[in-house]
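The values are calculated or read from the model by the stated rules, or taken from the named source; none is laboratory data. Model, not experiment: these values are computed from the prediction. Note that each Cβ is placed from the backbone with ideal geometry, even for glycine, and that neighbours are counted across all protein chains shown.
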Amino acid sequence: MKKVDHIAIAVSDLEKAKKTFKKLGFSFEETHEVSAMKVETAFAKIGESHIELITPTSKDSTVKKFLQKKGEGIHHICFEVTNIEASIQKMKEKGFQPIYDKPQKGAQGLVTFLHPKETHGVLVELIQRGFGEREHNHE
C-alpha cells in the first residue's frame, strides 16, 4: 500500500455537506456520479490525501443502507495501491475475501473493498488511481 488515498464520509445531502466542509477550508472538485455503485461523490484534496463526500443516488444503494443504519459519518478509508489486481490476489492469500474479485470502476480509479467484518469494523477500499468512472464518462 502506498498511502491513505482518502477518507469517505457518507452524507444525506451532498450540497449541504460541501457547504459545511467549505467553511472548514476544503475546496471540492466537481461532483461525479458512479452509476455502478449508485452514488455521487465530491473530493477535496488535503495534503497528499483526499476527503470524499459520498451520497446515494438510489434507494437500494449500499450508502443509503449505511445512512439508514448508522446515520451520517465516516463510511470507509481508502488506501492507494500500485496494482489493484495484484493487491486483490495478495489479500486473498492473506485470508481476506475482497467484496469484488475483479476491480470495479470507482470515481477516481479501479477499486475493491474489504468487508468491515474482516477489518475490525472498518470498510477498507483499495484503489489503483486512473481508469475510474470519471475518465470513463469522458470517453
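State yes or no: is Thr112 modelled with pLDDT of 95 or more, farther than 19 Å from Met1 by Cβ and either within 12 Å of the chain's Cα centre (by Cα) or crowded, with 21+ Cβ neighbours inside 10 Å (or both)? No: the conditions fail for Thr112.
Only residues that are more than 18 Å from Thr112 (Cα to Cα), of a type in the set (A, V, I, L, M) and surrounded by 12 or more Cβ atoms within 10 Å (Cβ to Cβ) were counted in region 1-50, giving 6.
Residue-wise test of (1) touching a residue at least 60 places away in the same chain (Cβ under 8 Å); (2) under 17 Å from Ala107 (Cβ atoms).
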{"residue": "Asp13", "(1), (2)": "no, no"}
{"residue": "Lys16", "(1), (2)": "no, no"}
{"residue": "Leu24", "(1), (2)": "no, no"}
{"residue": "His32", "(1), (2)": "yes, yes"}
{"residue": "Glu40", "(1), (2)": "no, yes"}
{"residue": "Phe79", "(1), (2)": "yes, yes"}
{"residue": "Asn83", "(1), (2)": "no, no"}
{"residue": "Ala86", "(1), (2)": "no, no"}
{"residue": "Lys92", "(1), (2)": "no, no"}
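Every listed requirement among (1) surrounded by fewer than 21 Cβ atoms within 10 Å (Cβ to Cβ); (2) at pLDDT 95 or above; (3) at negative phi is met by Leu126 save one, (1). Among the residues of region 12-43, those identified as farther than 18 Å from Glu72 by Cα, among the hydrophobic types (A, V, I, L, M, F, W, C) and out of contact with any Gly (no Cβ under 9 Å at 6 or more places or on another chain) are Phe26, Phe28.
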